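J.: Pasting a structure below so you can have a look.
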Amino acid sequence: MKILVIGEENRFTRYSNPLFLEKHQITIVPIGTSNKTIESQCKNARILIVDPIAEVNADLINRLPRLRLIQSEGVAYNHIDLKAASRRGINVCHCRGFNTKAVAEQAILLMLGCLRDVVKSHNDVINGLQIDNRFSHMFNGDLIELGECSVGLLGCGAIAKNVAKILNGFGTKVYYYDIKKQHMITEQFYNLTYLPLNELLTKCDIISLHVPLTTDTHHIVNNEFIKQMKKGSLLINTAHGELIDNQALIRALETKHIRCAGLDTLDHEPIQKDHELLTSHVSNQILYSPHTAGLTASAFDRAYKIIWDNINHIQHHEKPDFIINE
């Protein structure tokens, strides 16, 4: 079967089963390759595997007449023209849940990093200020245990549930808000308590974002949202950078209304040195990670199992898993 990959060759070959690679005719092109070039190299592709940040527009879809499956390498699919694929009867699938555990762990890491002032402490030790740092924290009493905190999860999908499961081990009180209240059995299993959004923001020491990016959630963390947050609370984002209004966050950090933010993803990626958060004087109140929450080796192993299972389904005229455009 002819398979077209738009993405990183090294990643694709590392995580793909060699036996599958031998059975199929595979063409790999980098992100940004023109539609015309792709057509000339692999016009008869039946499977398209695509990096989530690569664009798959209607023009490209129409240039691949034998295409039967568009498979995102990750969870995101916002750069794929679903309507154009549906008009052609092409299934668009993603790797739902592949990075759930990895992202949940990163959310916990960012919470702990903010609570324990990890970045400044690390730099102080390097600069010979270990004793100064110790005395400062002892005097101020500002290092906080996660078990003392109440955490509010905005959204209650698979990642949020895994975060709650981990937090239970710390003895943390965990609350959530979602547009759909979870079943009582689910709440009991994950030791979750539902709160309306305004109460969640007012009550919780840490707010962790776990909602999809939609027109309704774009910049949901704005001035009004932050005003309702508990003074001195933490904001954690391992979901989408576009959920946060950067200027609103800067103002909140300036006034210490938000004590610290832990961000795995920022609005306007890829991040350059002149990004407004990095150039602001409150940047030292933010713990960054480079959008790597879901990039563990185990996560990619799970993703590529989904991918190759779906290729097998298509090959045997079966319905693939995790179809987006049904």
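The values are calculated or read from the model by the stated rules, or taken from the named source; none is laboratory data. From a predicted model like this one, the values you see are computed outputs, not experimental measurements. Here the Cβ positions follow ideal geometry from the backbone for every residue, glycine too, while neighbour counts run over all protein chains shown.
J.: Give all pairs with beta carbons closer than 6 Å in which a residue from the range 185-208 that is within 8 Å of Gly152 (Cα to Cα) meets a residue that is surrounded by fewer than 16 Cβ atoms within 10 Å (Cβ to Cβ); count only pairs at least 6 apart in sequence or on separate chains.
T.: If the second residue must be surrounded by fewer than 16 Cβ atoms within 10 Å (Cβ to Cβ), the pairs left are Leu201/Gln228.
J.: Let me ask something additional. Hey, any hits in the range 244-252 for a residue that's surrounded by 18 or more Cβ atoms within 10 Å (Cβ to Cβ), assigned by TED's automatic domain parsing to the domain that holds Cys114 and closer than 22 Å to Pro52 by Cβ?
T.: Yes, that holds for at least one residue.
J.: Which residue is farthest from the chain's Cα centre (by Cα), if the candidates are limited to the range 56-82 and must be part of a loop (DSSP other than H, G, I, E, B) and more than 26 Å from His316 (Cβ to Cβ)? Give the steps one after another, and end with the answer.
T.: Start the filter on the range 56-82 by keeping residues that are part of a loop (DSSP other than H, G, I, E, B), which leaves 57, 64-68, 73-79, 81.
Among the residues that remain, those that are also more than 26 Å from His316 (Cβ to Cβ) are: 57, 76, 78-79, 81.
On the way: Asn57: 23, Ala76: 9, Asn78: 13, His79: 15, Asp81: 21 Å.
So the residue we want is Asn57.
J.: Tell me, which helices (runs of 4 or more DSSP H) wholly within the range 90-159 include 3 or more residues that are touching a Lys or Arg at 6+ places or on another chain (Cβ under 7 Å) and in the same structural domain as Tyr190 (by TED's automatic domain parsing)? Show your work before the answer.
T.: Details: elements: 100-115, 118-126, 130-140.
Hits in the range 90-159: none.
J.: Condition test on Ala293, is it touching a residue at least 12 places away in the same chain (Cβ under 8 Å) and touching a Ser or Thr at 6+ places or on another chain (Cβ under 6 Å)?
T.: Values: touching a residue at least 12 places away in the same chain (Cβ under 8 Å): yes; touching a Ser or Thr at 6+ places or on another chain (Cβ under 6 Å): yes.
Criteria met by Ala293.
J.: Check Thr217, Thr172 and return the single one that is closer than 13 Å to Leu154 by Cβ, touching a residue at least 24 places away in the same chain (Cβ under 8 Å) and either under 23 Å from the mean Cα position of the chain (by Cα) or in the same structural domain as Cys149 (by TED's automatic domain parsing) (or both). So that I can check it myself, show each step before the final result.
T.: Numbers: Thr172 fails: closer than 13 Å to Leu154 by Cβ.
Among Thr217, Thr172, only Thr217 is closer than 13 Å to Leu154 by Cβ, touching a residue at least 24 places away in the same chain (Cβ under 8 Å) and either under 23 Å from the mean Cα position of the chain (by Cα) or in the same structural domain as Cys149 (by TED's automatic domain parsing) (or both).
J.: Identify all residues within the range 39-67 that are surrounded by 16 or more Cβ atoms within 10 Å (Cβ to Cβ), of a type outside the set (A, V, I, L, M) and in contact with a strand residue (DSSP E or B) (Cβ under 7 Å, 6 or more places away or on another chain); write none if there are none.
T.: Cys42, Arg46, Asp51, Pro52, listed by residue number.
J.: Looking at the range 243-264, I want the residues that are closer than 10 Å to Ser233 by Cα and at pLDDT 95 or above and have a partner that is basic (Lys, Arg) and not in a helix (DSSP H, G or I) with Cβ atoms under 8 Å, at least 6 apart or on another chain. Which pairs are those?
T.: Lys256/Lys231; His257/Lys231
A quick yes/no check of all residues on (1) of a type outside the set (A, V, I, L, M, F, W, C); (2) under 19 Å from Ile207 (Cα atoms); (3) in contact with a Pro (Cβ under 9 Å, 6 or more places away or on another chain):
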{"site": "His240", "(1), (2), (3)": "yes, yes, yes"}
{"site": "Arg251", "(1), (2), (3)": "yes, yes, no"}
{"site": "Leu278", "(1), (2), (3)": "no, no, no"}
{"site": "Asn310", "(1), (2), (3)": "yes, no, yes"}
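J.: Right, something else. Out of Ala303, Ala239, I need the residue that is over 26 Å from Arg116 (Cα atoms) and either in contact (Cβ under 8 Å) with a residue 40 or more places away in the chain or hydroxyl-bearing (Ser, Thr, Tyr) (or both). Which one? Before you say what the answer is, go through the steps one by one.
T.: Numbers: Ala239 fails: over 26 Å from Arg116 (Cα atoms).
Of Ala303, Ala239, the one residue that is over 26 Å from Arg116 (Cα atoms) and either in contact (Cβ under 8 Å) with a residue 40 or more places away in the chain or hydroxyl-bearing (Ser, Thr, Tyr) (or both) is Ala303.
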